[in-house]
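Okay, structure first, notes after.
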Amino acid sequence: MEPTIFTWTSWMETLCQILHSVIPWSNACETISSPFDIYKNAYFETHMMVNSPEQWIEPMADAGVNLYTFHIEPVKDVCNVCRLVQESGMKVGLAIKPATKVSVEELARYMEVADVVLVMTVEPGFGGQSFMADMMPKVEWLRCNYPNIDIEVDGGVGPKTIECCAKSGANMIVSGTAVVGAPDQRQAITQMREVVQRYLK
Ligand SMILES: O=C(CO)[C@@H](O)[C@H](O)COP(=O)(O)O
C-alpha cells in the first residue's frame with residue numbers, strides 16, 4: 001500500500017481527477033482524453049457523481065481512465081457495475097458520501113470486488129468546502145477491517161487536515177483547493193505525502 005496524493009491542479013504529478021461538477025459533463029470525455037497527450041504517465045481516476053454510473057463506463061475506459069470510482073447510493077446492483085468496470089479494464093472505486101443511507105459496514109459485501117473505497121469528507125458538488133472530521137470513524141472502521149485496501153478521502157483535505165486523515169487510515173488523498181491555492185503546489189503535495197507515509201509504516 002502506497003501513499004498516493006491525487007490533486008486537481010495544472011501541475012499533474014500523479015492523477016487528474018475529473019469531476020463532472022468541475023467540468024461540464026458535455027465535454028468531460030474530451031477533457032479526460034486531452035491530458036493524456038500531456039501527462040502520459042499520469043494515473044487517472046474519475047469520481048463519478050452520477051445516478052447511472054454504468055452509462056459512463058465504456059466512454060471513460062475509452063478515454064484512458066485507470067480507476068473508475070462511483071457512488072453506490074443510487075445503484076441497485078453494485079456488484080454488476082463493479083463487474084462491468086473490471087471487464088472494461090479499469091480498477092473499481094466505491095464512494096460513499098457523508099449524508100448517505102449506506103453504512104460503511106454495508107460495504108463489506110463488496111470488498112471482494114473493490115480496489116478502492118472513497119470516503120467523501122464533503123458533500124459532493126464543488127471544491128472549497130470545509131473538511132468533515134466526523135467522517136473519520138468510517139475510515140477507521142475500514143482500515144481496521146481491511147488493512148490492505150486503498151482508502152481514499154476527498155473534500156477539504158490539505159496540509160491542515162491531512163494528519164487527521166492519515167491517522168485514521170487513509171492512504172489515497174484527493175486535494176483540490178488546498179493544492180491549487182498553495183504558494184508552492186509541489187511542497188503542499190510532498191508535505192501531505194510525507195504525513196501519510198509516516199502513518200503507513
Ligand atoms: O468531489 C469533490 C466535491 O464534489 C471533491 O473532489 C472536491 O472538489 C475536492 O476539492 P477540495 O475540497 O479539495 O477543494
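Key figures
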item	result
Which numbered condition Gly169 fails, given (1) at positive phi; (2) within 13 Å of the ligand (Cβ to nearest atom)	(2)
Scope region 68-91; condition open to solvent by 40 Å² or more (accessible area, probe 1.4 Å) and in a loop (DSSP other than H, G, I, E, B); matching residues	Pro74, Lys76, Asp77, Ser88, Gly89
Test: residue in region 109-120 that is within 13 Å of the ligand (Cβ to nearest atom) and more than 16 Å from the chain's Cα centre (by Cα)	no
Failed item in (1) touching a strand residue (DSSP E or B) at 6+ places or on another chain (Cβ under 7 Å); (2) exposed (fewer than 15 other Cβ atoms within 10 Å of the Cβ), with Ala42 passing the rest	(2)
Unmet criterion (only one of (1) in a strand (DSSP E or B); (2) within 12 Å of the ligand (Cβ to nearest atom); (3) not β-branched (Val, Ile, Thr)) for Leu94	(2)
Residue among Thr161, Thr121 that is among the β-branched types (Val, Ile, Thr), at pLDDT 95 or above, under 20 Å from Arg193 (Cβ atoms) and open to solvent by 10 Å² or more (accessible area, probe 1.4 Å)	Thr161
Search result, residues across region 124-156 that are at positive phi and open to solvent by 50 Å² or more (accessible area, probe 1.4 Å)	Gly128
Residues of region 172-188 that turn out to be open to solvent by less than 50 Å² (accessible area, probe 1.4 Å), within 10 Å of the ligand (Cβ to nearest atom) and either free of Cβ contacts under 8 Å to residues at least 60 places away in the same chain or not polar (S, T, N, Q) (or both), as a count	5
Cβ pairs under 9 Å, 6+ apart, first in region 54-69 and farther than 18 Å from Val116 by Cα, second at pLDDT 95 or above and in a strand (DSSP E or B)	Trp56/Tyr68; Trp56/Phe70
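The values are calculated or read from the model by the stated rules, or taken from the named source; none is laboratory data. Computed from a predicted structure; not experimentally measured. For neighbour counting, all protein chains shown are included, and Cβ atoms are generated from backbone atoms with ideal geometry for every residue, glycine included. Calculation scope for accessible area: heavy atoms of the full protein, side chains included, ligands and nucleic acids excluded. Shrake-Rupley method; radii C 1.70, N 1.55, O 1.52, S 1.80 Å.
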